[in-house]
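J.: Pasting a structure here, questions to come.
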Amino acid sequence: QVQLVESGGGLVQAGGSLRLSCAAAGSILSFNAMGWHRQAPGKQRELVAQITSGGWPNYADSAKGRFTISRNITKNTVYLQMQSLNPEDTAVYYCSAEMWPNAYWGQGTQVTVSS
C-alpha cells in the first residue's frame, strides 16, 4: 500500500507563495514519477507538475515560471514551491505517485488564494 501525505496548503493572498510537501512512506525512487495535480470546484483534476525518477521536471503551462517541483530523496519527500499565486490557483492539490501502470494519490491539501 502506497501512502502519500501532503501538507503545506492554506490561505494566501494573491501574489503570495506557498510550499507544498508530499511525504511518501517508502523510497520515492521506487516510483516512475511523482507529481502534483489540482482540482478546482466544478473542474477536472489536472496535472500541475511532475518529476521523474531520474529527476526531470515537467510543468503545465499554467505553472511554468511560477511553480517549482523538487525532491529530497533522503526524506522521501517531493515539494511544490508556488509563487505569484493568483485566485485561479485555488484548488485542492493532490500528490501523485506512478508505479506503472498504477497511480496512487494522497488525500489532498486545500490551497486558497484570495484576491
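J.: Please say if the stretch 32-106 is rounded, prolate or oblate, where rounded means a/c under 1.5 for a ≥ b ≥ c the square roots of the C-alpha gyration tensor eigenvalues, and otherwise the choice is prolate for a/b larger than b/c and oblate otherwise?
T.: Values: a/c = 1.95, a/b = 1.34, b/c = 1.46.
Verdict is oblate for the stretch 32-106.
J.: Tally Lys/Arg at +1 and Asp/Glu at -1 over every other residue whose Cβ is under 15 Å from the Cβ of ALA60; what's the total? Spell out each step's value before the answer.
T.: Values: positive: ARG38, LYS43, ARG45, LYS64, ARG66; negative: GLU46, ASP61, GLU88, ASP89.
Within the 15 Å Cβ shell, the charges total +1.
J.: What nm value, rounded to one decimal, do you get for the distance between LEU29 and THR52 when each label is placed 7 Å out toward the C-beta?
T.: In this crude label model, LEU29 to THR52 measures out at 1.7 nm.
J.: At q = 0.28, 0.30, 0.32, 0.34 Å⁻¹, what log₁₀ I(q)/I(0) does a Debye calculation on the Cα points of the stretch 58-97 give, no solvent, two decimals?
T.: Debye intensities relative to I(0), on a log10 scale: -1.14, -1.22, -1.27, -1.31.
J.: Now for a different question. With springs only between Cα atoms under 10 Å, which of GLY42, GLY65, GLY26 fluctuates most in a Gaussian network model of the chain?
T.: So, out of GLY42, GLY65, GLY26, the one fluctuating most is GLY42.
J.: If you average the sequence gap of Cα pairs under 8 Å that are 6 or more apart and divide by the length of the chain, what percent do you get for the contact order? Show your work: numbers first, answer last.
T.: Details: 288 pairs, mean separation 41.5, N = 115.
Over the chain, the number comes to 36 percent.
J.: If you don't mind, there's one more thing I want to ask. Under a plain spin-label model, where a point goes 7 Å from the Cα along Cα-to-Cβ, how far apart in nm are SER17 and GLN110?
T.: Output for this residue pair reads 2.5 nm.
J.: Another question, then. Restricting attention to the stretch 1-85, which trypsin sites (Lys or Arg not before Pro) occupy a DSSP loop and are surrounded by at most 16 other Cβ atoms within 10 Å?
T.: Sites meeting the loop and neighbour criteria: LYS43, ARG45, LYS64, ARG66, LYS75.
Every number in this text was worked out from the coordinates using simple rules, so none of it is lab data. Since this is a predicted model, take the numbers as computed values, not measurements. Heads up, the Cβs are rebuilt from the backbone with ideal geometry, glycines too, and the neighbour counts pull from every protein chain shown.
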